[in-house]
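Here's the structure we're looking at; comments come further down.
The values are calculated or read from the model by the stated rules, or taken from the named source; none is laboratory data. This one's a predicted model, so the numbers in the text were calculated from it and none came from an experiment. Positions of Cβ are backbone-derived with ideal geometry, glycine not excepted, and every protein chain shown enters the neighbour counts. Just so you know, the surface numbers come from the protein's heavy atoms only, side chains and all, with ligands and any DNA or RNA stripped out. Shrake-Rupley method; radii C 1.70, N 1.55, O 1.52, S 1.80 Å.
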Amino acid sequence: METQIETDYKCYHCGTEVAKDAYEFDDKQFCCLGCKSVYQVLSSTNMCSYYSYNDSPGQAQTQSLNYLEYLDEPIIISKLLDYSDEKISSITFYVPAIHCSSCIWLLEHLHKFNPGVVHSRIDFLKKQASISFRNQEISLKELVELMISVGYEPLISLQDVVKENQKSVNHDLIKKIAVAGFCMGNVMILSFPEYLGLASFELEFRSLFGWLNLAFSIPVTFYCGRDFFVSAWAGLKHRMINLDAPLALIIAVLFLRSAFEIISSTGPGFTDTLTGLVFLLLSGRWVKQRTYFHLSFKRDYRSYFPVAVTIIRQGYEKAIAIEELTIGDRILIRNNEIIPADAILMKGEAFADFSFVTGESEPIKKVLGEIVYAGGRQGGEAIELEVIKPVSQGYLTSLWNNETFSKKEGTNGNFNDNIAKYFSLVTFTIAFAAAGYWAMSSDSDKAWNAFTAVLIVACPCVLALSTPFTLSSVLAIFDRNQFYLRNTDVVEQLAKIDTIVFDKTGTLTSTDTAELSFSSDLSDEEKILTASLARNSIHPLSLEIIRWLKTRKYLPVSGFTEIPGKGIHGVINQQLIKMGSAFHTSAEKASIADADSSAVHLEIGGTYKGYFKIKQSWRQGLKTLFNNLSKGFDLHLLSGDNEAEKENLSGFFPYPRQMHFHQSPHNKLEYIQDLQSHHKKVMMLGDGLNDAGALKQSDLGVAVTDNINNFSPACDAILNGNSSGLLPAFISQAKDAVKTIKMSFAISASYNLIGVYFAVQGLLLPLIAAVLMPLSTITIIVFTSVITRYFAGKNKLL
């Protein structure tokens, strides 16, 4: 039912004032048919709880959508999408309208508006929406129209708008700082008579200056300080007191008290304190955001992978860093490798697993000339691709951080979270207790000063900054030493580790200095067949065999299969080639008395040809590494090989009884679970190939790699093999980081206690407290920076 009304209302959906020609539905008023339609959709899908998060959270629906015709063009669509196949497409939008919890809630429930939307994830800080949709049920244009219809139009550009906006300043925050600064300056000038004691001589100006100051405080309170109230109210609606709650309260109290004194002519008010406080708070928030954006941008463009991808130039294969990859490069992707950039399939048969991107684990077959999107993991034979888009480290990083592959965290939370939930409550208790005491003593001035000063001097800015700033600095230090962590939370996980489990091959051993020989002779043709099969695998032993064979000619392989812990096989020139363990080939029928656990057996066309004997080389400094770790950690070793190397390992592994051999990938997983059942905090170091299950099960999984793009969502960190000797230093740095956070909190608490001591007595003026607050924040930032670098120097990581 639609009726026109004359009474002034606000649109229930977007909050726009409605003077006439309004639309009514369910006894609610709307400014236009669009807003009413959105409400009707929400109501029909039982999603009206959208309005419980914020009043009038929506956007006005008055725009024509004819300009979206370009989204039907296949060329434009292909440039915008992150991924697409016959069923699923994924895209990342920058959505400027995201501003509150209601926005997040609504955008993450787009699938209820249209079942063609699979899922959507929102990054509030970046105003970024990552959406997967069924392209047979909803087109890209229809998806954008859906988002616009509910009030969240994406900013569409062929540029990477997310990163561009990440690098740019927050213009809205800058405007608020400018307004607060302008008002503060004027208030300070108009308050000089009060400061200098001239008010009694200039009584005729006192009232005028007071009213002007009140006028300047209004935009500061309701425009500049709005975010503090919004955040505090959102927390209270969820029955939670967040860190913005005391700030919102003090701003409100300062404004109301100032308004009362000025209107009643009983005092000059506290407009100078109010405007100065808001200006300093917003300035601190700007510094904080700039710090976050700088660190996030820096990590987006750092290489998370020690060395990344193999390129083919003039017939030679060469490993280069991902950031060096350019459009037109021919790249080789082996079995289980990640495709780092959008590319065209030029050679081979691709079976790409895009579960990182879509959540669907079924491999998708690609034919020659077809686009293969970044983020897919090749399953099967090696393929050659030609890069058509620049590699995006930020995109690959987002895959690594995809919540679909994140392990469930414990319920203890980090140090900052555990402290934060009590901080505001204690602050409120002290503030109200001090105010109540002085009020009962009939000293209203001291009650007011005590209340306001306690809230200001106990500002939670330090608490909000110290943890992320310290941990982000540690990540940067680790990056420089080729130890790449998923995110800052992993630093605190690393500090809690008490048990370390090592894989052997590729983790304790290095293929760079391994000695290789073959038990018999191979013809040139057999060498080509062997190298062609081995070329499809990224296992360290396969790579070493290819180097030893020294052939540049490779034949196509069909039916390539790699069985973790056993071996590989495939058909070349109509011959079945097998390579791997004795049980994977017919080696058990042959005389292999000289073979040991490191032997790689070869079978061509059903005929056993012999075995590659690999004398494994231990990583340098391994004995020192174990000696250092054994002082504070319980060490274990799991190997899929037999016990041939047990005697050699016993020479430097401190706990021989905790070395286990003949371990399948499933055995390793069960071993980790058994340790955890005894309340151990386990870190697993493996090569990321046969150990994926164990890496994911452990409290902290570290994939050790030398010269391949060994990217896996199962791991929390990637460690370059050459940096494995620094593992004790990394753990020490993580423990020192937690210590730094606690030290910074202790310093902050000491400052707050001293300030509160004077504040509760009414001896600390609110303005002085407001000046001391940002000084304490700067002190903590400097302290955490200096002490983090000090610990890094002590741990020899600089």
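Among the listed pairs K365/K550; K496/K566; K696/K742; K681/K794, a Cα-Cα separation exceeding 27 Å is found for K365/K550; K496/K566; K696/K742. Solvent-accessible area assigned to carbon and sulfur over the stretch 521-562 amounts to 49 percent, based on a 1.4 Å probe.
With only Lys, Arg, Asp and Glu charged, each at its Cβ (+1 for the first two, -1 for the last two), find how big the charge dipole of the stretch 597-699 is about the Cα centre; round to the nearest 20 debye. The partial results should precede the final answer.
Working: 12 positive and 11 negative charges, 63 e Å.
The calculation lands at about 300 debye.
For the listed peptides 627-635, 128-136, 515-523, a ranking on the average number of other beta carbons within 10 Å per residue, highest first, reads 128-136, 627-635, 515-523. Taking all Cα pairs closer than 8 Å and separated by 6 or more residues, the relative contact order of the stretch 533-576 comes to 35 percent. Normalise the Debye intensity by I(0) for the stretch 509-571, one equal point scatterer per Cα, no solvent, then take log10 at q = 0.16, 0.24 Å⁻¹ and round to two decimals. Debye output, listed in q order: -0.53, -1.14. Separation of the stretch 617-666 and the stretch 529-543, taken as the distance between their Cα centroids, equals 26 angstrom.
The local environment of V179, defined by Cβ-Cβ distances under 12 Å, has a net charge of +2 under the rule Lys, Arg +1 and Asp, Glu -1. In terms of overall dimensions, the C-alpha atoms belonging to the stretch 428-571 reach 103, 29, 25 Å along their principal axes, ordered largest to smallest.
A probe of 1.4 angstrom, applied to the heavy atoms of all protein chains, finds E562 with accessible area near 50 square angstrom.
Would you please put 79-85, 178-184, 268-274 in order of how densely packed they are, using the mean number of other Cβ atoms within 10 angstrom per residue and starting with the highest? Before the final figure, lay out the partial values.
Values: 79-85: 18.3, 178-184: 20.3, 268-274: 26.9.
Ranked from most to least packed, the peptides come out as 268-274, 178-184, 79-85.
Heavy-atom accessible surface of F351, to the nearest 10 Å², is about 70 Å², with a 1.4 Å probe and all protein chains retained.
Please give me the summed charge of the neighbours of D498: other residues whose Cβ is under 9 Å from its Cβ, Lys and Arg +1, Asp and Glu -1. It would help to have the intermediate numbers written out before the result.
Details: positive: K496, K680, K681; negative: D634.
So the environment of D498 carries a net charge of +2.
In terms of packing, defined here as the mean over residues of other Cβ atoms within 10 angstrom, the peptides 252-263, 732-743 line up highest first as 732-743, 252-263.
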